[in-house]
1. Within region B:109-121, is even one residue more than 14 Å from every other protein chain (Cβ to nearest Cβ), within 16 Å of ligand 3 (Cβ to nearest atom), closer than 21 Å to B:TYR54 by Cα and within 13 Å of the chain's Cα centre (by Cα)?
2. When you go through A:ARG216, A:ARG149, A:ARG210 one by one, which is the residue that is touching a Phe, Trp or Tyr at 6+ places or on another chain (Cβ under 6 Å) and away from ligand 3 (no atom under 16 Å from the Cβ)?
3. Only one residue in B:ALA343, B:ALA245 is over 29 Å from A:GLU154 (Cα atoms), in contact with a Leu (Cβ under 9 Å, 6 or more places away or on another chain) and among the small types (Gly, Ala, Ser), so which one is that?
4. If you take the residues in region A:185-204 that are within 24 Å of B:PRO67 (Cβ to Cβ) and surrounded by fewer than 22 Cβ atoms within 10 Å (Cβ to Cβ), which one is farthest from ligand 3 (Cβ to nearest atom)?
5. Looking only at region B:216-247, count how many residues are within 10 Å of chain A (Cβ to nearest Cβ) and not in a helix (DSSP H, G or I).
6. If the Cβ limit is 7 Å and pairs must be 6+ apart or interchain, which residue in region A:212-233 that is buried (at least 24 other Cβ atoms within 10 Å of the Cβ) pairs with which residue that is among the β-branched types (Val, Ile, Thr) and in a helix (DSSP H, G or I)?
7. Could you list, ordered by first residue, the pairs with Cβ atoms under 7 Å in which the first is in region A:86-112 and surrounded by fewer than 18 Cβ atoms within 10 Å (Cβ to Cβ) and the second is assigned to a helix (DSSP H, G or I), at least 6 apart or interchain?
8. Tally time: how many residues in region A:1-37 are touching a Gly at 6+ places or on another chain (Cβ under 7 Å) and either outside any loop (DSSP other than H, G, I, E, B) or away from every other protein chain (no Cβ under 14 Å) (or both)?
Amino acid sequence: MPGPRSYLGVELARPRVGVFDFTSCEGCQLQFVNNEATLLDFLDLMELVNFREAMTEQAGDYDIALVEGSISRADEVTRLEKIRTQAKILVALGSCACFGGVNQLKNRFNDLKWVKKEVYGNFPIATQKVRPISDFVTVDFMLYGCPPRKEEIEKVVTNLVVGKKITMPKYPVCMECKANENICLFGLGEPCLGPITRAGCDAWCPNNRRGCWGCRGPAEAANVRELEAIMARHGFSREIIIDRLECFGGFAGQVAELRRQSEHPRKARSTGQA
Amino acid sequence: MIFATFSAKELPRLFDLLAANTVVGPVKKGTDSAGRPLYDFDVVYRFQDLRLDYPATIHSAKRHFLPHRESLCTFTMQGNDWEKQVDYNIYKPVVFFGLHACDINALNKLDKVLTAPPYPNPYYTAKRRNMFIIGQDCQPQPQCFCRSMGTDTALRGFDLFLTDLGDRYFAEILSATAYQFLRKIATRPPTVKDHDRYKEVVAERNRRFTTTVDTSDLTKLLDLEFESPAWQQWGDKCLSCGTCANVCPTCYCYGVEETVDLDLTGAAKTKYLYSCNLIDFAEVAGGHNFRPQTATRLKYRYYHKHRGFVEAYEEPLCVGCGRCGEACLAGITVPAVLASVRARGA
Ligand code: SF4
Ligand code: SF4
Ligand code: SF4
Ligand code: SF4
Ligand code: SF4
């Protein structure tokens, strides 16, 4: 058991942290331990009591629950509710927990029976529509991204420990992309959701010459209508936009609005910001 | 002003003489989907990588004197106490090789805010005092409206300004350092023929301007048109993305973030260039946002540049480089916005 920690002479408790996973690839949890250079310092900030990816012993007593994954089975709901009762702070870790993530793509299909048969064949599993954890429990804080950036996780945990305010960028990815002086992908003939997606990933994809797919969900004041006009000017159809917007589930509201517009073009309402 | 002329063959020699320092200049960065080359400023190691015939760069050279992210200071914690370390992040003089008049004038404008009393910014000033600037004449592009902003020629703020006369350069020498460097290459005093050729080149360049902004009584006009429907029309298009400020050579607004090291033994203050178009630009402690609407934020960017700054310094905080309009995906350009405000609606 490591000794007490202090910051500027103030003694700090090590919060007891549990990491839990639901329907997901567990990549977000791996991000948690994915920086060898800082791993020991990072783990020294807390007392990990439940973390299937990195430890075998588990305890049921924790202050902070980091929850990865979306909810796709009835038994998951029960387990999630139990975690909520125990945790003082519940953090949604990654796009699946925040929005449903890539998993929620199956909700696109009207016939879930057919989906199950395609995926599980003769070994049926009692799954339901994929939903974000906030549909079932109160979420105190969202750590966006598929996966979230390691630096961001470290910053959030450090701030939680020293009691410092946690803030997330409200502006879109373009801001970080331009700060990195990337060449805009639209100029290179690629679509990109950077203008409407919440920043914080340091423009991870555009830095690597890939258009953004919106894994961090909408920025505040996301101007979807204007992005659609921009996409059209660059020769990208509404289907291409919807495809991207749907990928991680963060833009569910905006997608529904676009679909309504496609079905009832005359009744189309603005999807721009208020 | 002292003038000199030298053969184009001498320019690589001048570059090599200066290359003991960091040299920043225009380079080719790629090709767009229509096959057009794209240029930006970067550190240049070889003369042949310099593209002095560049039409324009996507970003300004700002990151070399106002970095998008800059560490302001770090702290080391010792028990109940702490020690502060400040670093102005300037290690070597920087040679800017090939700035157009607009970008030199942008530095002159920034100087008025960032190097003047009562609160000079030491990070900027330290970098500014360690610069050697070589200007380069340009070919006005369709987006350029520097003439309307009074920034189409640079009268100060550089060491040396070069005009390409074909086989030779016409040099304006403004500093003793520039004079000393030119003594190390073969130059000669310009002849009447050089003067005539120089005037021809300048006149030809000035004929090429295609975009203008009517700035007559602009500050008063902006006061009168504070409620113009034009602001809402542009606001409806704006993405609140901050791209315009990021590519702008004169935007200097910033935010500061304080972070604590993972091992709790240190902390840092980092400055981030920000943009008045971002949704939380005018958000204050307690969460109140003075400018929650996109249209209002867009309007205030124009009011700062073309009204407030003019009242304070008798010149706009815009050099007419057109970068913001080129980079704005929503197609919002300064000439179009100001014309629509003058015309009461787009
Ligand atoms: S590449 Fe994407 S994120 Fe970057 S500036 Fe262009 S639209 Fe924005
Ligand atoms: S650029 Fe877009 S898709 Fe890529 S990590 Fe950032 S938010 Fe996610
Ligand atoms: S804005 Fe003016 S000075 Fe700048 S490149 Fe264009 S024409 Fe030249
Ligand atoms: S004016 Fe254009 S570049 Fe500037 S914030 Fe609005 S959309 Fe972005
Ligand atoms: S506001 Fe636009 S045109 Fe004016 S200096 Fe900035 S980027 Fe150039």
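The values are calculated or read from the model by the stated rules, or taken from the named source; none is laboratory data. Computed from a predicted structure; not experimentally measured. Note that we place each Cβ from the backbone using ideal geometry, even for glycine, and neighbour counts take in every protein chain shown.
1. no
2. Numbers: A:ARG149 fails: touching a Phe, Trp or Tyr at 6+ places or on another chain (Cβ under 6 Å); A:ARG210 fails: touching a Phe, Trp or Tyr at 6+ places or on another chain (Cβ under 6 Å).
So the residue among A:ARG216, A:ARG149, A:ARG210 that is touching a Phe, Trp or Tyr at 6+ places or on another chain (Cβ under 6 Å) and away from ligand 3 (no atom under 16 Å from the Cβ) is A:ARG216.
3. On the way: B:ALA343 fails: in contact with a Leu (Cβ under 9 Å, 6 or more places away or on another chain).
Of the residues listed, the single one that is over 29 Å from A:GLU154 (Cα atoms), in contact with a Leu (Cβ under 9 Å, 6 or more places away or on another chain) and among the small types (Gly, Ala, Ser) is B:ALA245.
4. The residue in question is A:TRP204.
5. The number of residues fulfilling the criteria is 5.
6. Close Cβ pairs (under 7 Å, with a partner that is among the β-branched types (Val, Ile, Thr) and in a helix (DSSP H, G or I)) amount to A:CYS212/A:VAL173; A:ALA221/B:THR294.
7. A:LEU105/A:GLU246; A:LYS106/A:VAL115; A:ARG108/A:GLU246; A:PHE109/A:VAL115
8. First, the residues of region A:1-37 that are touching a Gly at 6+ places or on another chain (Cβ under 7 Å): A:9, A:21-24, A:28.
Add one more test, that the residue is either outside any loop (DSSP other than H, G, I, E, B) or away from every other protein chain (no Cβ under 14 Å) (or both), and what stays is A:21-24, A:28.
So the answer is 5.
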